[in-house]
1. Residues in region 203-216 that are under 16 Å from E100 (Cα atoms) and either touching a Cys at 6+ places or on another chain (Cβ under 6 Å) or β-branched (V, I, T) (or both): how many?
2. For region 255-281, which residues satisfy the criterion of being in contact (Cβ under 8 Å) with a residue 24 or more places away in the chain and closer than 17 Å to V205 by Cα?
3. Scan L193, L130, L178 and give me the residue that is crowded, with 22+ Cβ neighbours inside 10 Å, closer than 27 Å to G288 by Cβ and either in contact with a Phe, Trp or Tyr (Cβ under 7 Å, 6 or more places away or on another chain) or modelled with pLDDT under 95 (or both).
4. For region 226-253, which positions are under 22 Å from I25 (Cα atoms) and either part of a helix (DSSP H, G or I) or not hydrophobic (A, V, I, L, M, F, W, C) (or both)?
5. Would you please name the residue that is modelled with the lowest pLDDT, looking only at residues in region 111-126 that are buried (at least 18 other Cβ atoms within 10 Å of the Cβ) and over 23 Å from S85 (Cα atoms)?
6. Taking S256, is it among the polar types (S, T, N, Q) and assigned to a helix (DSSP H, G or I)?
7. Out of (1) closer than 23 Å to P147 by Cβ; (2) crowded, with 20+ Cβ neighbours inside 10 Å; (3) hydroxyl-bearing (S, T, Y), what's the single condition that is false for T95?
Amino acid sequence: MQILKPEELREKFKDPWIAPYKKIITMVDNDLVEIIEYHPCISGSHWMIYQYPRTSKLILKAKRDGNRHIYLTKTGKTHLNLRASLNAAGIEEVTVTKDEVKVVHAGLAGAGVGAAMCRGMAKGVKRVELYDVGGGSKVGRAAVITPRLEKVIIGIDDTDTKDKGATWTLAHNIGVELSSEGFEYLDHIIVQLYPHNPYKTQNCVSVALTFAVKPGTQEELIERIIEKLKEKTLSDKTSIAIFNGIMIPEKLREYSIRAKKKLVTVDEARKIAEEVGVQLIEVTGAQGQIGALAAIGLSDDVDEAVKVYQR
């Protein structure tokens, strides 16, 4: 076994058949781990989404967004019955320690190269345990070790007025600013709410921002978002909702779909938030709590999030 840092791996392997991944992020929630990998190719990552769940029982769900593929896994070990073309690559181990996540990938031929060297050169990787190099018809195996992070989803609503502003752009710009401060800004989801809401400014949407944070830094993230919203919001109804975790509770998802189909009240939002463990914070007013909470409930379902329900 060779233990190499990304820069050592890049120096050791300069072969033209290695395409380094751009970035790898791992977030932990009890025995669940969400792995986000930025593939070097845009749609080449879709091959991974097809192969990995077929091959590994540790993978509960997999999806692709551009060159980014996302695996929801459980911790543990499994045996991979690697077969060319049919089950060519997968994850055979996911282990979480106090501050690190270790993911063992294995694959045949080119998939083995991806398992070992390509991932190991990515931003976010601390080191690689290289077991088998792979390539040609050989098996490649490697453990990719990354920092243990946590997932935080922030729902935001009611930042504009009928005359000026846009919640989706303000939320995104805040995410970009926080990224420059060292917070890992992962995603921005627009959630369509009840289109016949008489209190809406225009399109009636809220936004969920997703971050990967170091344990113990969530409060700093929330404080910075509140500061930026107080500085930039145009509305006296701005609120945020905060969820820390990977799996969205079903009761919260059901609430979000109700908020797309009918008017709901602030009291109802507060009741659901308390039941599912979501923190609601008034920034300038309470009305935004309805949409901020609804944004979190559909933050992992882009297709449902944008869907419009007519009467």
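1. First, the residues of region 203-216 that are under 16 Å from E100 (Cα atoms): 212-216.
In the following step, the residues that additionally are either touching a Cys at 6+ places or on another chain (Cβ under 6 Å) or β-branched (V, I, T) (or both) were identified as 213.
Going through region 203-216 one residue at a time, the tally reaches 1.
2. Of all residues in region 255-281, those in contact (Cβ under 8 Å) with a residue 24 or more places away in the chain come to 255-257, 259-266, 269, 273, 275-281.
Matches in region 255-281: Y255, S256, I257, A259, K260, K261, K262, L263, V264, T265, V266, A269.
3. Working: L130 fails: closer than 27 Å to G288 by Cβ; L178 fails: crowded, with 22+ Cβ neighbours inside 10 Å.
Sole residue among the options that is crowded, with 22+ Cβ neighbours inside 10 Å, closer than 27 Å to G288 by Cβ and either in contact with a Phe, Trp or Tyr (Cβ under 7 Å, 6 or more places away or on another chain) or modelled with pLDDT under 95 (or both): L193.
4. Residues of region 226-253 that are under 22 Å from I25 (Cα atoms), as a first pass: 242-248.
Once the filter is applied, which keeps residues that are under 22 Å from I25 (Cα atoms) and either part of a helix (DSSP H, G or I) or not hydrophobic (A, V, I, L, M, F, W, C) (or both), region 226-253 yields N244, G245.
5. As a first pass, look at region 111-126 and keep what is buried (at least 18 other Cβ atoms within 10 Å of the Cβ): 111-122, 124-125.
Right, trim to over 23 Å from S85 (Cα atoms) and you get 120-122, 124-125.
Details: G120: 90, M121: 93, A122: 94, G124: 97, V125: 97.
Checking each candidate, the answer is G120.
6. Details: among the polar types (S, T, N, Q): yes; assigned to a helix (DSSP H, G or I): yes.
Judged against the criteria, S256 is a match.
7. (2)
Per-residue answers, yes or no, for (1) buried (at least 21 other Cβ atoms within 10 Å of the Cβ); (2) closer than 24 Å to L170 by Cα; (3) modelled with pLDDT under 95; (4) of a type in the set (D, E, K, R):
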{"residue": "K228", "(1), (2), (3), (4)": "no, yes, no, yes"}
{"residue": "K232", "(1), (2), (3), (4)": "no, yes, no, yes"}
{"residue": "I246", "(1), (2), (3), (4)": "no, no, no, no"}
{"residue": "E254", "(1), (2), (3), (4)": "no, no, no, yes"}
{"residue": "K261", "(1), (2), (3), (4)": "no, no, yes, yes"}
{"residue": "E268", "(1), (2), (3), (4)": "no, no, no, yes"}
{"residue": "Q279", "(1), (2), (3), (4)": "no, yes, no, no"}
{"residue": "A294", "(1), (2), (3), (4)": "yes, yes, no, no"}
{"residue": "L298", "(1), (2), (3), (4)": "yes, yes, no, no"}
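The values are calculated or read from the model by the stated rules, or taken from the named source; none is laboratory data. Here the structure is a predicted model, which is why all the values come from computation and not from measurement. Neighbour counts are summed over all protein chains in view; Cβ atoms, including those assigned to glycine, are modelled from backbone coordinates with ideal geometry.
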